[in-house]
Amino acid sequence: MKSYTDNIKEISKRLLKEDKVDMVIGYRTGSVPLMHQPFFAQNQEEVDEFVWDSNCGLNLANYITDRTERIGILATGCNSRNIAVHIVEGKIKREQLYIIGIPCKGMVDRHKLSAMADGDITSVEDENNGSITITGQNFSKTVDKAEVLQENCSVCVHRNPVIYDELAAEEVTEQKRDDVDPYARVKEIEALSPEEKWAHFDDLLSDCIRCYACRNACPLCYCPLCFVDESNPQWVGKSIDHTDVRTFHFLRAYHCAGRCTDCGACVRSCPVGINVRDFTKKLEKDCLELFDWEAGLNTEQRPPLDTYRPDDPEEFIK
């Protein structure tokens, strides 16, 4: 049986050979373990650099915004939903894309693996038997992949791509909400008192250094000028003062409301391991409960905060 990587290479080379696309966007081995990097292959030889395993966690939809080329692109469930959001919002045309669907088995949490290591990790092997082996100068450790999945992957109910032109492998079995509660963590926070919630988010953001890695990794943050960079007027300060930090994270989360697919790129890219999903997952839950809405499941409907309907719920208006 061919591996994911073999199938991806085969499809990508065919697309380039037949001149169906100008490039294929995939992943190649990163400069540091656990972080493969996006790669634009523009000829068949460059395709040989492609890799696929559970370290391909950055969202490739981040690289198609406002492009004019014909693009082949790998897309897991969450990535394909972000592509759908881009199409709905007019940032790319569907006919420009050849979507290579990747049924996803989940990405590993680099922060969890780093915490398990007895020193710097120099290599990581994603084994076919469902285990992950990390190796360093004086250690080698094998762990069950299920124990080190990113949190968003462990509760994902859309593992297969929702739109695609060709699949690189057979579809995987989807988790159902009867078997896993995607909003269990949100419900725990909702149950806290106002004082406890304040303390929770105070602690959550205490290590933020305002590097904007979460924003830069997010395919939804494509504004030419971000509100944090606006200077006339200036909406929020640039410091790591608690108020400035909170303002940035809360406003960015609201900009993602009804659009976020919980791809986890924000958490994966954070150098200090902040679980930014505590903001976005709450808004995702609210959109599902109030508007029966999940982002990116089709290319026809606009998100609920982008439209008005006479039958929109109004119970919250006092």
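Please compute the volume of the convex hull spanned by the alpha-carbon atoms of the chain and report it per residue in Å³.
166
Taking the number of other C-beta atoms within 10 Å as the exposure measure, put CYS208, CYS266 in order starting with the fewest.
Starting with the residue having the fewest Cβ neighbours, the order is CYS208, CYS266.
Which entries in LYS176/LYS197; LYS93/LYS281; LYS2/LYS112; LYS112/LYS141; LYS9/LYS105 show an alpha-carbon gap greater than 24 Å?
LYS176/LYS197; LYS93/LYS281; LYS2/LYS112
Defining a contact as two alpha carbons under 8 Å apart and six or more residues distant in sequence, what relative contact order in percent does the stretch 109-148 show?
Relative contact order for the stretch 109-148 comes out at 35 percent.
Using the 4.7 Å Cβ rule, please list in number order the cysteines from the chain without any candidate partner.
Those would be CYS56, CYS104, CYS153, CYS156, CYS208, CYS211, CYS223, CYS226, CYS270, CYS287, since no other cysteine Cβ in the chain comes under 4.7 Å of theirs.
If the viscosity is 1.002 mPa s and the temperature 20 °C, what Stokes-Einstein diffusion coefficient in µm²/s follows for the stretch 165-273 when Rh is the Kirkwood radius over Cα pairs?
129
Would you calculate, for the chain, the mean residue ellipticity at 222 nm contributed by helices, counting each DSSP H stretch of 4 or more residues as -39,500 (n - 2.57) and dividing by all residues, to the nearest 500?
-8500 deg cm²/dmol
Give me a comma-separated list of calculated 3J(HN,Hα) values for the stretch 81-97, in order, Karplus coefficients 6.51, -1.76, 1.60 applied at θ = phi - 60°, integers in Hz, x for any Gly or Pro.
Karplus-based 3J(HN,Hα) across the stretch 81-97 equals 5, 5, 4, 4, 4, 4, 5, 4, 8, x, 8, 7, 9, 4, 5, 7, 10 Hz.
By count of other Cβ within 10 Å, fewest leading, how are MET23, MET116 ordered?
Fewest to most other Cβ atoms nearby, the residues stand as MET116, MET23.
Pairs of alpha-carbon atoms within less than 8 angstrom and 6+ residues apart define the contacts here; what relative contact order does the chain have, in percent?
After rounding, I find 17 percent.
Using the Karplus curve 6.51 cos²θ - 1.76 cosθ + 1.60 with θ = phi - 60°, what ³J(HN,Hα) values do you get for each residue of the stretch 299-307, in whole Hz, with x for Gly and Pro?
Per-residue couplings from phi come out as 9, 10, 8, 8, x, x, 7, 10, 9 Hz.
Highest mean first, what order results for 28-40, 127-139, 74-86 on Cβ atoms within 10 Å?
74-86, 28-40, 127-139
Rounded to the nearest 5, what % of DSSP beta bridges with both residues in the chain are antiparallel?
Of the beta bridges lying entirely in the chain, close to 65 percent run antiparallel.
Restricting everything to alpha-carbon atoms, can you work out Rg to Rh for the stretch 109-148 with a Kirkwood hydrodynamic radius?
0.92
Please list 3J(HN,Hα) in residue order for the stretch 5-21, calculated via the Karplus relation 6.51 cos²θ - 1.76 cosθ + 1.60 where θ = phi - 60°; whole Hz, with x for glycine and proline.
These are the phi-based 3J(HN,Hα) values: 4, 4, 5, 4, 4, 4, 5, 5, 5, 5, 4, 6, 4, 8, 6, 8, 9 Hz.
Among 302-314, 162-174, how do they line up by average Cβ neighbours within 10 Å per residue, starting with the highest?
Ranked from most to least packed, the peptides come out as 162-174, 302-314.
Relative contact order of the stretch 25-107, please, whole-number percent, based on alpha carbon pairs below 8 angstrom and at least 6 residues apart.
28 percent.
LEU74's amide H: which non-local residues (gap 5+, or another chain) put their own amide H closer than 5 Å, with H modeled 1.01 Å from N in plane and none for Pro or chain starts?
ILE25, ILE100
May I ask for the distance between the Cα centers of the stretch 1-73 and the stretch 154-179, given as a whole number of Å?
Centre-to-centre distance over Cα atoms comes out at 20 Å.
Skipping prolines and chain starts, which residues have an amide H placed within reach, meaning under 5 Å, of the one on SER131, given they are 5 or more residues away or on another chain?
LYS145
Straight-line reach from LYS145: which aspartates and glutamates fall under 14 Å, measuring Cα to Cα and dropping same-chain residues less than 8 apart?
Output for LYS145: ASP53, ASP109, GLU125, ASP126, GLU127.
Each value in this text was obtained by applying a stated rule to the coordinates, not by laboratory testing. Not measured: the values here are computed from a predicted model. As a convention, Cβ positions derive from the backbone with ideal geometry for all residues, glycine included, and neighbour counts pool all protein chains shown.
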